[in-house]
Each structure stands twice: as C-alpha cells, then as structure tokens.
Amino acid sequence: MFQPKPMTHLLIAAGKDQMASVVSELYRHQVFHITDFVDQGKEGYEGVKIGTPMENAGALSTDLIKVRSIENVFQTSPKTQHDVPVQSANTIRAAIKKELPKISEEVNALTAKRSNAEAKIRECEQRIAELTPFALIPAELELYRGYESLSVFAGYLEKDIEFDFPCEKYFAAVEKDTGFLVLFVGKENAAKAEKALADAGFTASALPNETGTVQAALDKYNAELNAAKAGAEDANTKVLELKAKYADLLAACDEVLSCDVERAEAPLRFATTEETFVLDGWVPFDDVEKIKAGLNQAAGGKIFVEVDEENINYEDVPVEYNNPKITKPGEVLLDLYARPKYRELDPTIILGIMFPILFGIIVGDVGYGLIYLIITLILRKFILRLGDVGKKIMGVMYGVSISTIVFGLIYSEFFTLSLWWHPVLFVRHLPIGEVHAPNIMDLLVLSVALGIIYISVGRIFGMINHARMDHKGPHRTKAILSNLGWNFMLWGMLLALFSLIDLNAVLAKANMLVWIPYIPGTAGTVTLIVAIVMFVAGLVFVVRENPLDLMELPSNLLSHMLSFSRIAAIGLSSVAIGMVVNYFAKMFFSTAFDGSFSVLSIVLIIAAVLLLIIGHAVNAVLGVLDGAINSIRLHFVEFFMKFYQGGGIIYKPFGHNRKFTEE
C-alpha cells in the first residue's frame, strides 16, 4: 500500500547469434523495461556501440508504411476497429506477403483515379468561373486576343464609366453593386485606359484562351466537370467497398508488423561488441525467476542473466502502480499531475477514494447523480475503446455518479427538491420559496476539519518521503523536522483555540449540530501551555530548515486549511441555483393554473418546462466542473504540495498488448 510495484534490475548478456531468441522471449513476457544504451564514449566502453537493427527491419518497416498508408486512405486504424476475430500471427504474415501487394495496387490505382478526378474538377470549376462573366458580353471568345494594335481589358467594376478616348466598351451588371466590363482600346491609349480603370477600382480578370461561343465552352467544361465528379464518386465508392472488405485485415497486419518492427529494431537500444550484446533493464520482482528461466531456455543456456543490486540509482527505476482494484481509477487522475518516483509514497489510494467522495459531498443530488450515471452508461462503449486508460476513466465516472447519488440520499435532495425523508446528517435546503434551516456552519466546520486532516497527513507523508528519498545527513534531518514543525504549529494553534474559546457558544444560534472541542478550566490551562510549547518548537524546526519559510506562515497555517471550506460553499451555491430554478418554475405553473386556462397559461407552462430542463442541465454541468475541478485542486495544491514531488519514469515493458492476433 502506498508503494509502487517492486522492481529488480537485470543485466543480460549473450552472443549475437542468440539475439533474435532473446528479443522474442523478452517480447513474449511483456515485463522487461529496457534501459536504452547511450554511446557516450565513456572510459571502459571502448569497442562498445549501439546495436544495429536486424536484417529484416527494413522490409518490415516498408510493409508497415504501406499498411498505414492504406489505412490513411480508408480513414481507419487499429484504434477504430472493434470486434475483430483473433487470428494467428503467422496467418497474418502470410496474408501480408500474398494480399498486401494486391490491396496496395488496388488502393493506389483508386487513389490516382480520385486524385486525377479531383484535379480535373478543380480545373473545370476554375474555367467555368473565369468564363461565366463573359457570357454577358456579345462576343466570340477568339475576339479577345490576337491584336497588334488593340489592347483588351476585362474585369469587374462597381459601376459603368465613360472614357474620353476612342474605344469599344461592353458593360453588364452582375450583381447589385458590381458589373463586368470589357474594353477594346488602341495601343496608343492603353496607358490612359489603365489609369482610368485603376481610379475606378477595376479588378482585372484573365482573358479566355478559347474559341467559339462562351456558352459552347461552358457546356464543354460542365460536361467534363460532371464526368470528373462521377469518376471521383466512383473511386470513393470503390474505396469504401475495399475498406469494408479489408479494414479488419489491415488492423491485424498493422498489429503484427508493429510487433515485428519493434522486435527487429530492439538492438538499437542494446550495447554491442563485434560478438556479443548487453542490455539492462527492470523487471517486477515477482517476474524475475520466470524471466530468467525463459531466457535460459530460449538461449539454450548460452546467456548471462544477473540481478544487479549494487549502485542502483533510484531516480532511474521505472514506476508501475500497485494499487487495489477499487482505487485503480485514481491512477488516471494522478497521471494528470505526475507519476510518483520509485521511493516516493504513492497517494493514489487516497486520491482514488476521496476524489469521488469530495465530488459527492459538493454536488450531492440524486437527480444530478442519475444524469451523470446515464451519461456514463451511454459513453461506456466509446470510452472503453481507449483500453486500460478508458477503464480507469469509466471507474472515475462511475465513482462520482454513485457518490453523488449516495450523498443526495443523505442530503434528501432530488434536483434540489426535498425527498420524503428528513436529511440524514445535514440540511442543505436554503430558505428560497420555503422555510428551511440549513446547517451551513456544520458543513463549513466539517469542511475545514477535513482540511486539517489532509494537511496533517500531508506533512506526515512529507516526513516519510524525506526519510526515504533524501541522502543521509543534516539536511534530511532538518527537512523531516520542518514537516513535523508545521504540524506542531498547526495543532498548537488549534489546541490554543480550543482551550481559549468555546466556539459552540459563539455559534449556538447557527443551528449547529457538530460539536467543536472546548477544554475549560485547569485542563484548558495545561492544554494552552502544551499548545504554546508545540507552536514554538514547530517554529524553531521550520526556521532551522529555511528561515524564509516563515513568509508562508499565513498560507500554510490558515489559507490551505480554510481553502477546504469551498467544499461546503460550492455545494451550497449549486443548491441555491437549483432552488431558484424550481422556485420560478413553480411560480410559472401556479400562475398558469390560477383562474381560467388561456393562451398565456400555455406559454407559462412551456416556459416553466424549458426553465426546468435548461436550468437543471446547466446546473448539472456546473456541478461537474465545480465538483471535479475543486476536488482535484484540493488534492493537487493543498495536499500534494506538502509532500509530493512526482516525476517518476513510467514503466513501459518491452512488448505489445495484442487485440487482433496471437502468436
């Protein structure tokens, strides 16, 4: 508990003739995390270099590129394929040799056909766009070019203009504020024409390089355009047919080739000499003997496998979670922050349990919880396609949905309406439209108390982490005592408060149910002395480690603790929004049925229904945002900052989780 999975460092060495067998065996077990060899020319590493891929790596990579190119044309991938029958990897390898060239040839032909058709479509559309305005001008297409003494201008103008030199002009309105102009003018007046047109805001168009009438040219290009569109559509139809036929096979080919390429390129991560290779990495402690036995059998005993327990740098140890099943969904939340280091306490258990609980405390409504649960069930099929991460996300969604329903039953809330029983613990119904006496102070006090527990536990975890992760010496001792000092100051401040002030009497008029400790008389005096001693001792411990930390006294002793009051405050704000929606909807219904039924009554009923649907939908969305963001924030900021560093190396075992094939 609170510990990553124990890892063992293995060194493996063998002759190069055993490389393929060793790689295949490691790949089969899928537990060996390879530490990449880096050729830095260190002393003692003369003649050692990074390995080269196996002989078949190039051909395998080429086939994988072909498969993924075809998948790109089909707009598919292994992630999008589901319910594919599992086949033998050797069967798929045979299909790659036999079927892949044929599929590639068909797809390439269709792709070329589609590309040519699309290019022809663009060309025809451009020609049609260029010729269309010339249909407004009564002139054959060959009349726009081939002159030695004339210049021809064609383009768009806002309105017709007159010229003070000899010319022939055609102007036709295209739209309300736009017209198309064709101008024939002698070469000697071409410059004047250009200036006049520029002053008028003329936009030139390309002169057509066609013959015959404009309509004949348009008819020709429209016919070619329709033929090109038909060709492109035919190519797309055949691509879809091929996709339906080969998508599952391609997913299996992609998986097999990905595995084969990964194995073939594995030597790039090894240290090699002319005759041998060496690799080192990490294996979960429980799998060490199984790996050693498998490697010895695969290499016929011609291999050296050694457990290395000396000079281990724990910063380089990969981290694999090792949590109970019920808290595994919390791993996806912790990865949003950072994976713990190998010797660091793993807070996933606390995060996995408390995140949905805090969410439920904040939102706490049966109606909203049912909405979240229904949405979770609807999205279940799609989220589970994400694999292991999807399962963890589903776990989080189920957790917050059920927690919201449970706390809704405790609060007796259904879309902020009161259920038929009195709230089990606290009343959150506010005096909006009805007379209620909410236990606001109780919720605030318990929220702050929860913050005190979180902060105290965080400091204890900080002491443990420093004891385990820091090098022995005065610095480690000071860091441990500093965390103890913060707890001393926090609890010294609280004990002093409990011995000096009877908060129950102060809050007696606030409908309080929660009892706050009060220590009067002699016991109170003794408690106060103990509190002062604790506070002073804590202050000394903190100053010894870093005097500048005194600047954080307000935040570490008050702000972080009081920050947990947002649990109650945000929950009450959600209740307030829902109750206001219900109040106005009830008012609309009452007005609609008060007296004679009329058109206004129908309008009010529709308005009330829309208000209920939209209002509670918005409040449910706000509940997700507020509940999730604030629950995760209280862990990441107020809790983790006390002890957690993160930054561990993610455990990535050499191998591939197959979905479509098996060896």
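Selection over region 151-169 of residues that are outside any loop (DSSP other than H, G, I, E, B), open to solvent by 60 Å² or more (accessible area, probe 1.4 Å) and touching a helix residue (DSSP H, G or I) at 6+ places or on another chain (Cβ under 9 Å) gives a count of 1. Is one or more of the residues making up region 416-437 farther than 25 Å from residue 632 by Cα, open to solvent by less than 60 Å² (accessible area, probe 1.4 Å) and of a type in the set (S, T, N, Q)? No, that holds for no residue. Residues satisfying the criterion are absent from region 210-220 (criterion: within 50 Å of the chain's Cα centre (by Cα) and either aromatic (Phe, Trp, Tyr) or open to solvent by 20 Å² or more (accessible area, probe 1.4 Å) (or both)).
Residues that are among the hydroxyl-bearing types (Ser, Thr, Tyr) and in contact (Cβ under 8 Å) with a residue 12 or more places away in the chain were ranked within region 552-566; the one that is surrounded by the most Cβ atoms within 10 Å (Cβ to Cβ) is 563.
Looking for something among the aliphatic types (A, V, I, L, M) and open to solvent by 60 Å² or more (accessible area, probe 1.4 Å) - is there at least one such residue anywhere in region 252-266? Within region 252-266, not a single residue is among the aliphatic types (A, V, I, L, M) and open to solvent by 60 Å² or more (accessible area, probe 1.4 Å). Pairing residues of region 292-320 that are closer than 15 Å to residue 33 by Cα with residues that are hydroxyl-bearing (Ser, Thr, Tyr) and assigned to a strand (DSSP E or B), at Cβ distances under 8 Å and at least 6 apart in sequence or on separate chains, gives 307/8; 316/35.
For region 68-113, the candidate set comprises residues that are closer than 27 Å to residue 382 by Cα and open to solvent by 70 Å² or more (accessible area, probe 1.4 Å); within that set, the residue that is modelled with the lowest pLDDT is 83. Looking at the structure I just gave you, is residue 378 hydrophobic (A, V, I, L, M, F, W, C), modelled with pLDDT of 95 or more and more than 30 Å from residue 4 (Cα to Cα)? When the stated conditions are applied, residue 378 does not pass them. All of 483, 465, 487 fail the test of being open to solvent by less than 60 Å² (accessible area, probe 1.4 Å) and within 29 Å of residue 425 (Cβ to Cβ), apart from 487.
Exactly one residue among 549, 626 is surrounded by 13 or more Cβ atoms within 10 Å (Cβ to Cβ), closer than 30 Å to residue 427 by Cα and of a type outside the set (Phe, Trp, Tyr), and that residue is 626. Only a single item in (1) open to solvent by 20 Å² or more (accessible area, probe 1.4 Å); (2) farther than 19 Å from residue 368 by Cβ is not met by residue 632, and it is number (2). When the residues of region 173-209 are filtered to those that are closer than 16 Å to residue 141 by Cβ and of a type in the set (Gly, Ala, Ser), the one that is surrounded by the fewest Cβ atoms within 10 Å (Cβ to Cβ) is 206.
A residue that is in contact with a Gly (Cβ under 9 Å, 6 or more places away or on another chain) and closer than 23 Å to residue 449 by Cβ occurs somewhere in region 515-528.
In a residue-by-residue description of region 299-310, the property of being small (Gly, Ala, Ser), surrounded by 13 or more Cβ atoms within 10 Å (Cβ to Cβ) and in a helix (DSSP H, G or I) applies to no position.
Are any residues in region 530-546 assigned to a helix (DSSP H, G or I) and either within 17 Å of residue 459 (Cβ to Cβ) or open to solvent by less than 50 Å² (accessible area, probe 1.4 Å) (or both), and if so, which ones?
Step one: list which residues in region 530-546 are assigned to a helix (DSSP H, G or I), which gives 530-545.
Across region 530-546, the qualifying residues are 531, 534, 535, 537, 538, 539, 540, 541, 542, 543, 544, 545.
With respect to the stated conditions, residue 203 is among the polar types (S, T, N, Q), touching a strand residue (DSSP E or B) at 6+ places or on another chain (Cβ under 7 Å) and either within 30 Å of residue 178 (Cβ to Cβ) or modelled with pLDDT under 90 (or both). Inspect region 226-247 for any residue being open to solvent by 30 Å² or more (accessible area, probe 1.4 Å), more than 51 Å from the chain's Cα centre (by Cα) and of a type outside the set (A, V, I, L, M) and give the result as yes or no. So far as region 226-247 goes, no, none of its residues is open to solvent by 30 Å² or more (accessible area, probe 1.4 Å), more than 51 Å from the chain's Cα centre (by Cα) and of a type outside the set (A, V, I, L, M).
Looking only at helices (runs of 4 or more DSSP H) that lie completely in region 5-108, which have at least 1 residues being closer than 30 Å to residue 316 by Cα?
19-29, 57-74
So which residues in region 566-605 are in a helix (DSSP H, G or I) and of a type in the set (S, T, N, Q)? Correct list: 573, 574, 582, 590, 591, 601. Out of 364, 387, 360, one residue alone is within 24 Å of the chain's Cα centre (by Cα) and on the phi > 0 side of the Ramachandran plot. It is 387.
Under 30 Å from residue 115 (Cβ atoms), part of a loop (DSSP other than H, G, I, E, B), of a type in the set (Gly, Ala, Ser) and open to solvent by 50 Å² or more (accessible area, probe 1.4 Å), is that true of residue 223? The answer is no for residue 223.
Pick from region 603-623 the residues that are open to solvent by less than 40 Å² (accessible area, probe 1.4 Å) and within 11 Å of residue 581 (Cα to Cα): which of them is farthest from the chain's Cα centre (by Cα)? Residue satisfying both the conditions and the ranking: 608. Selection within region 114-142: residues that are open to solvent by 80 Å² or more (accessible area, probe 1.4 Å) and part of a helix (DSSP H, G or I). The member of this set that is farthest from residue 65 (Cα to Cα) is 136. Looking at residue 25, is it open to solvent by less than 40 Å² (accessible area, probe 1.4 Å), charged (D, E, K, R) and modelled with pLDDT of 90 or more? In short, yes.
The set of residues from region 567-593 being buried (at least 19 other Cβ atoms within 10 Å of the Cβ) and either over 28 Å from residue 630 (Cα atoms) or not β-branched (Val, Ile, Thr) (or both) comprises 568, 571, 574, 578, 579, 582, 585, 588, 592.
The values are calculated or read from the model by the stated rules, or taken from the named source; none is laboratory data. Everything numeric in this text was worked out from a predicted model, so none of it was measured. Every residue, glycine as well, gets a Cβ built from its backbone with ideal geometry; the counts of neighbours run over all protein chains shown. Side chains included, ligands, DNA and RNA excluded: accessible areas come from the protein's heavy atoms. Shrake-Rupley method; radii C 1.70, N 1.55, O 1.52, S 1.80 Å.
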